[in-house]
Structure formats: C-alpha cells, structure tokens
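A.B. asks: Got a structure for you, questions after.
Readers should treat all values here as calculations from the given coordinates under stated rules, not as data from a laboratory. Here the structure is a predicted model, which means the values were calculated and not measured. Glycine also receives a Cβ, built like all others from the backbone with ideal geometry; neighbour counts cover every protein chain displayed.
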Amino acid sequence: MLKRDYETQTCSIARSLEVVGERWSLLILRSVFLGAHRFDDLLDALGITRSVLAARLQRLVDQGVLKRVPYQQRPTRYEYRATAKGHELWPVILHLLRWGDTHYPEPAGVPRLVEHTGCGGQPDDHLLCDRCGEALTYFNTTARPGPGLIAAGMAAESRTKTRRSGLGSAAREEPSR
Ligand SMILES: [Zn+2]
C-alpha cells in the first residue's frame, strides 16, 4: 500500500506526486533515460547518498516504474530499466525540460538537446518532431549535452583545478549532499 502524502486530496495529480514528487525520484528516472542503469552509475550521476538512492529505487521498483534486470551472474547483479509504465513518464520529463529551458535558461544555452534519432529534428510543443512531424518518444530520440551543460562542465573543471592547486594534492572533492 502506497503511503499517502496528500491525504486530503482526491486527485490523480496528488497520487502521481506520491510516486514521482519525492525529491530525486524524477531525476533518477531522468538519469535512467539518459543511460545510467547501474547503481554506481546512478550514484555518480546524482551525487546522492547510497541509502537515499537505494530507498528511492526500491520505491520506484515497488510502484512498477522501474524494474531490476540481471546483467551478470555469480554474483547476480542487477541494473535498473524503465518499465512501460515508467516510459509513460518520458513526456512528463520532456515537458519539464522544455519548461525549464524556457523559464530558467542557462546563459550558455540549453543543457540538453533532444533530437529525433536519424532526423535531427527537435520536439515541438506537442512533442512532435519539428522537422518531420513524427510523434517523439523515448525510443526514437537521442539526448546529448547542449552548450549549457558543456559550459558548466568546463567551469567545474577549472574550479576544481584552481582549488586543487590552491590546497595541494591532498585536497579531494567531496560530492555535496
Ligand atoms: Zn524528425
């Protein structure tokens, strides 16, 4: 039985948010869509603690949004893949991405470019390809870093270099929690 965070609400939006409104849950799903499937890859991609990641993954698995798929035997190891129910959240994430691009733009440009694979068109307001008109889904699109993400990566790299040179070789970057 799903814990109810919004007990007074008889509302499908509230019910949905009980699954994906928790901090990190949609970002975990985003990272899975971007190709991070294994626990340690998700840990690197998100910079959260192991216990929080484990708890959120378990909840998404319990709710049938993600599934565990074995990728290795002896010992058996699992990776996380979106289920059909999980893939139905891809348009939600795409609309959030487009909303953020519009209202909270990065000075250097969009952080992520989503393109119709093999066509190069981009999603329009209805998530149709703006070049050929085909309906876009997780399965026929490719995401790659945009100018905003590339600029942020270069800035982080130069900050790290500055800090390391200032503090000596013992200085280590700790991920922020
Ligand atoms: Zn297209």
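A.B. asks: Taking springs between alpha-carbon atoms closer than 10 angstrom, which of 46, 17, 136 fluctuates most in the Gaussian network model of the chain?
C.D. replies: Comparing 46, 17, 136 in the GNM, the peak value goes to 17.
A.B. asks: I would also like to ask the following. Evaluate the Kirkwood expression for the hydrodynamic radius of the chain, namely the inverse of the mean inverse distance over all pairs of different C-alpha atoms, and round to one decimal in Å.
C.D. replies: 18.5 Å
A.B. asks: To continue, here is another question. Find out how many positive minus negative residues lie around residue 144, taking Lys and Arg as positive, Asp and Glu as negative, among other residues whose Cβ is under 9 Å from that of residue 144.
C.D. replies: Summing Lys and Arg as +1 and Asp and Glu as -1 gives 0.
A.B. asks: Here is a follow-up. Rounded to whole Hz and in sequence order, give me ³J(HN,Hα) for region 104-111 from the Karplus expression 6.51 cos²θ - 1.76 cosθ + 1.60, θ = phi - 60°, writing x for Gly and Pro.
C.D. replies: Each residue of region 104-111 in turn: 10, x, 7, x, 7, x, 5, x Hz.
A.B. asks: Can you give the local net charge around residue 39? Use residues other than it whose beta-carbon is closer than 12 angstrom to its beta-carbon, Lys and Arg +1, Asp and Glu -1.
C.D. replies: +1
A.B. asks: Moving to a separate point now. Residue 78's amide H: which non-local residues (gap 5+, or another chain) put their own amide H closer than 5 Å, with H modeled 1.01 Å from N in plane and none for Pro or chain starts?
C.D. replies: 71
A.B. asks: In addition: Can you give me the orientation-averaged projected area of the convex hull built on the Cα atoms of region 47-146, in nm²?
C.D. replies: Directional mean of the projected Cα hull area for region 47-146 stands at 8.6 nm².
A.B. asks: Still on this structure, please answer the following. Using a Gaussian network model of the chain with C-alpha springs under 10 Å, which one of 99, 24, 90 is most mobile by mean-square fluctuation?
C.D. replies: Maximum among the listed residues: 99.
A.B. asks: What is the distance in Å between the Cα centroid of region 80-151 and that of region 13-74?
C.D. replies: Taking the Cα centre of region 13-74 as reference, the centre of region 80-151 is 20 Å away.
A.B. asks: Cut-off is 10 Å between beta-carbons; in what order do 103, 87, 95 appear when sorted fewest neighbours first?
C.D. replies: 103, 95, 87
A.B. asks: Next up: If you add up the charges near residue 65, with Lys and Arg at +1 and Asp and Glu at -1, over every other residue whose beta carbon is less than 14 angstrom from its beta carbon, what do you get?
C.D. replies: +4
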